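Read the structure below first, then the notes.
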Amino acid sequence: MLRLVAGGLLAGALATAWLMRQRQLRASRQLQLAVLNPFDGSLYNSSVLKMLRELFSALGLQIVLHEVNVCEPFEIDYDAFDGFIIPGSHASAYDNLDWVERLAQVLRTLHAERRPMLGICFGHQIIASALGDTAHRPPILTLRHHTIHSHPLSSASQSTYMTLSMSCRV
């Protein structure tokens, strides 16, 4: 049994940033990431691309983000991207919505082709669901306050953020 812990947008993006930095050091071009964003009318989904750009920029990463609205029918050239980010949504991975099933099928294809994916909140839940497992709410959710001092990948000397920590079995 593998146990995953999601620590919010910043924690997931930091882990992805480190992995992308390793790839970028080996690559001679900017990495191209697709953000498979479910535009559900929320402030979060309308600003997730801006948040990710700011984060990767603060970490000194030269990454080009391409946003895809997965709530509408879409086609994607998998070979055009080095990785895929699936952010949060007001929807559940288990909602009976056409776009949720379309996204699940895309995720199964990405998995079968061994393409890098990062799920944030709804994103990691739908990855688990698409691959035949379940995600569930743990008995206790915790709100934590963190301070980061001089992270080696960041030019910022200190930043503060809050995370809603949750876990799921996959």
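The values are calculated or read from the model by the stated rules, or taken from the named source; none is laboratory data. Just so we're clear, the structure is a prediction, and the values are computed from it rather than from any experiment. All Cβ positions, even for glycine, are placed from backbone atoms using ideal geometry, and neighbour counts span all protein chains on display. Heads up: the accessible areas ignore ligands, DNA and RNA and are worked out on the full protein's heavy atoms, side chains in. Shrake-Rupley method; radii C 1.70, N 1.55, O 1.52, S 1.80 Å.
Taking every residue in region 111-133 that is free of Cβ contacts under 8 Å to residues at least 60 places away in the same chain and farther than 15 Å from VAL100 by Cβ and pairing it with any residue that is of a type in the set (Val, Ile, Thr) and surrounded by 13 or more Cβ atoms within 10 Å (Cβ to Cβ), at least 6 positions away or on another chain, the pairs with Cβ-Cβ distances below 8 Å are HIS111/ILE127; MET117/ILE85; MET117/ILE86; MET117/ILE127; ASP133/VAL170.
This table checks each residue for (1) surrounded by fewer than 18 Cβ atoms within 10 Å (Cβ to Cβ); (2) in contact with a strand residue (DSSP E or B) (Cβ under 8 Å, 6 or more places away or on another chain); (3) among the basic types (Lys, Arg); (4) not in a loop (DSSP other than H, G, I, E, B).
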site: PHE39; (1), (2), (3), (4): yes, yes, no, no
site: SER46; (1), (2), (3), (4): yes, no, no, yes
site: LEU49; (1), (2), (3), (4): yes, yes, no, yes
site: GLU67; (1), (2), (3), (4): yes, yes, no, yes
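Which of the residues belonging to region 1-37 are at pLDDT 85 or above, surrounded by fewer than 16 Cβ atoms within 10 Å (Cβ to Cβ) and either within 30 Å of ASP98 (Cα to Cα) or of a type in the set (Gly, Ala, Ser) (or both)? Once the filter is applied, which keeps residues that are at pLDDT 85 or above, surrounded by fewer than 16 Cβ atoms within 10 Å (Cβ to Cβ) and either within 30 Å of ASP98 (Cα to Cα) or of a type in the set (Gly, Ala, Ser) (or both), region 1-37 yields only GLN32. Suppose we keep only residues that are loosely packed, with under 14 Cβ neighbours inside 10 Å and among the aromatic types (Phe, Trp, Tyr) within region 75-119. Which one would you say is modelled with the lowest pLDDT? The extreme case among them is TYR94. Kindly evaluate SER167 against the criterion of being open to solvent by less than 60 Å² (accessible area, probe 1.4 Å), modelled with pLDDT under 90 and hydroxyl-bearing (Ser, Thr, Tyr). In short, yes. Would you be able to say whether some residue in region 138-145 is touching a strand residue (DSSP E or B) at 6+ places or on another chain (Cβ under 6 Å), surrounded by 10 or more Cβ atoms within 10 Å (Cβ to Cβ), at pLDDT below 90 and under 20 Å from SER92 (Cα atoms)? Yes: region 138-145 contains one or more residues that are touching a strand residue (DSSP E or B) at 6+ places or on another chain (Cβ under 6 Å), surrounded by 10 or more Cβ atoms within 10 Å (Cβ to Cβ), at pLDDT below 90 and under 20 Å from SER92 (Cα atoms). Against the conditions (1) under 19 Å from ASN45 (Cβ atoms); (2) assigned to a loop (DSSP other than H, G, I, E, B); (3) at pLDDT below 90, where does CYS71 fall short? Just the number, please. Single failed check for CYS71: (3).
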